[in-house]
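Reviewing the structure listed below.
Laboratory data are not the source of any read-out in this text; all were calculated from the coordinates shown. Since this is a predicted model, take the numbers as computed values, not measurements.
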Amino acid sequence: MLAWHRCCHCRDNTSPPAKLLHSGLLRLPQLRTAQAPTSGFNTGRVNYVTPFGEAMKKSSSVSLDKLIEDYSLIEQKISEIIGKNNLLEIQLEKSTRLLKLSETKETSIIEDCGKLKKVTKGLQDAIINQCNLRVLSLRRMRLRFASETL
């Protein structure tokens with residue numbers, strides 16, 4: 001069975017779950033006592049059973065204000081972590097854009113390098129052909145000159 005929690009020390013600056021708890025809209029499970037064992041010895045401790053059927057020992061009283069304060073601190077830390085995470089995501093996106101830009105430049109430079117190699121090879125072939133033609137023409141001229149002198 002569930003019981004309504006009502007509290008007389010509600011504050012306006014509490015977190016949403018605490019506001020629900022203080023306003024009485026949030027229901028807490030009511031613990032029922034477990035039956036004492038029929039055999040063995042009595043330790044003097046009172047055991048409770050949760051709504052899920054697990055036995056639990058009665059603990060000392062818990063300060064609801066302390067729990068709410070701890071919860072607020074946890075919420076604050078979560079907010080800080082989310083803020084840092086957002087900054088890291090922005091940096092990651094920026095790094096990804098820069099990486100893509102660098103990769104694009106690299107492929108462009110590689111393509112330009114390939115084209116320049118082809119042009120250089122073509123120019124080298126043209127120079128070699130011209131040199132070969134000059135050598136041939138010089139040989140022909142020598143042969144003519146030699147044949148004319150004989």
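What's the extension gain from R140 to E103 if we count 0.36 nm per residue and subtract their Cα-Cα distance? Walk me through the intermediate numbers first.
On the way: separation 37, 0.36 × 37 = 13.32 nm, distance 5.52 nm.
The R140-E103 span can extend by a further 7.8 nm.
Suppose the chain between C131 and L87 were pulled fully straight at 0.36 nm per residue; how much longer would it get relative to their current alpha carbon spacing? Let's see the in-between values first.
Values: separation 44, 0.36 × 44 = 15.84 nm, distance 6.49 nm.
Between C131 and L87, full extension yields an extra 9.4 nm.
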